[in-house]
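Note sheet for the following structure.
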Amino acid sequence: MHNLLGQNIARLRKAKKLTQEDLARRLNISFQAVSKWENGLSMPDVSVLSELAYLLDTDVNALVGYKYDVRKITIYEEEYRDDTYYWGTVPSKTCFDILQMIPPVRPVRLLDVCCGEGRDSVFFARNGYHVTAFDVSGNAVEKAKRLAGQQQVLLDVFRADINDFRLDTAFDIIYSSGAFHYIRPELREELIVNFKTHTSPGGLNVFNTFIQKPFIDPPPENEQLSFYWKSGELFTRYTDWLLREAGEYIFDCTSSGVPHRHCINQIIAEKIV
């Protein structure tokens, strides 16, 4: 993932409809320098990073794929400060399905996108997977590291925002539970393509996302940075893959202390080549 910076420069430059020459001219450098950045052959000098971020309507932290700002980036940030595990340490039932589909009888690389406090990441690591994980919450990342230490497993976990982070290396399994509603709608197609491109042949994408239903009241948390998907929308992104599972489920939740219900779409898709 060494070329995250270059990928973000290219993505943000294109979003602003700038050519490499346009960006180079505004920075008073050669377009060849911009090309090398985007292809991972070199990196911008620290002296131009601030101006580069400004021209691309972002900040330096987001440009390199991380969020270290002080704004409240998740409503669970305060809960994650507590020593107890807000979501518990029992893994999702879907984790056991993955174990059956791709058992770790060989080296298997798994990415847990928006891993939270690490309950699923640590479970996978305990069962022999080579696990990489990230979350936007620094408190959650620290708790995931602590849980991995308690379970005496290796876990490569770091802080990143799903809206800014892009893959440039392949995984056998890319997994995410309860986080896709944080993806900004205009980035959904790009992110799914990035995940699909960087999934190994025969690998799995295992995702779920919250969807809206007229007969289910909005959740009590009133998250300002969530964007619900439409029913079936996630499935349409994988018409060229084998759908091992594509389901819609309603479940009860008390995460906020107020009983309520959610509806989710869940997909387990296999990359057939």
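The values are calculated or read from the model by the stated rules, or taken from the named source; none is laboratory data. Because the structure is predicted, anything quoted here is derived from the model rather than measured. Neighbour counts run over all protein chains shown; Cβ positions are idealised from the backbone, glycine included. Side chains are part of the model used for accessible areas, which takes the heavy atoms of the whole protein and leaves out ligands, DNA and RNA. Shrake-Rupley method; radii C 1.70, N 1.55, O 1.52, S 1.80 Å.
Numbers below:
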| quantity | calculated |
| --- | --- |
| Pick from region 2-32, criterion small (Gly, Ala, Ser) and part of a helix (DSSP H, G or I), ranking: surrounded by the fewest Cβ atoms within 10 Å (Cβ to Cβ) | ALA15 |
| Residue in region 197-209 that is of a type in the set (Val, Ile, Thr) and out of contact with any strand residue (DSSP E or B) (no Cβ under 8 Å at 6 or more places or on another chain) present | yes |
| Selection within region 126-139 - at pLDDT below 95, more than 16 Å from LEU111 (Cβ to Cβ) and not in a loop (DSSP other than H, G, I, E, B) | GLY138, ASN139 |
| Qualifying positions in region 10-58 - out of contact with any Asp or Glu (no Cβ under 9 Å at 6 or more places or on another chain) and on the phi > 0 side of the Ramachandran plot | LYS17, ASN28, ASP57 |
| Region 197-212, subset of a type outside the set (S, T, N, Q) and over 17 Å from GLN266 (Cβ atoms), residue most open to solvent (accessible area, probe 1.4 Å) | PRO201 |
| Residue match in region 236-248 (condition: closer than 30 Å to LEU5 by Cα, loosely packed, with under 13 Cβ neighbours inside 10 Å and touching a residue at least 60 places away in the same chain (Cβ under 8 Å)) | no |
| Given (1) exposed (fewer than 13 other Cβ atoms within 10 Å of the Cβ); (2) aliphatic (A, V, I, L, M); (3) touching a residue at least 24 places away in the same chain (Cβ under 8 Å), index of the condition VAL193 fails | (3) |
| Members of region 103-115 that are open to solvent by 10 Å² or more (accessible area, probe 1.4 Å) and in a loop (DSSP other than H, G, I, E, B) | PRO103, PRO104, VAL105, ARG106, PRO107, CYS114, CYS115 |
| Residue match in region 70-82 (condition: touching a residue at least 24 places away in the same chain (Cβ under 8 Å), open to solvent by 20 Å² or more (accessible area, probe 1.4 Å), more than 30 Å from GLY257 (Cβ to Cβ) and not in a loop (DSSP other than H, G, I, E, B)) | no |
| Filter result for GLY149 (out of contact with any helix residue (DSSP H, G or I) (no Cβ under 8 Å at 6 or more places or on another chain), part of a loop (DSSP other than H, G, I, E, B) and of a type outside the set (A, V, I, L, M)) | no |
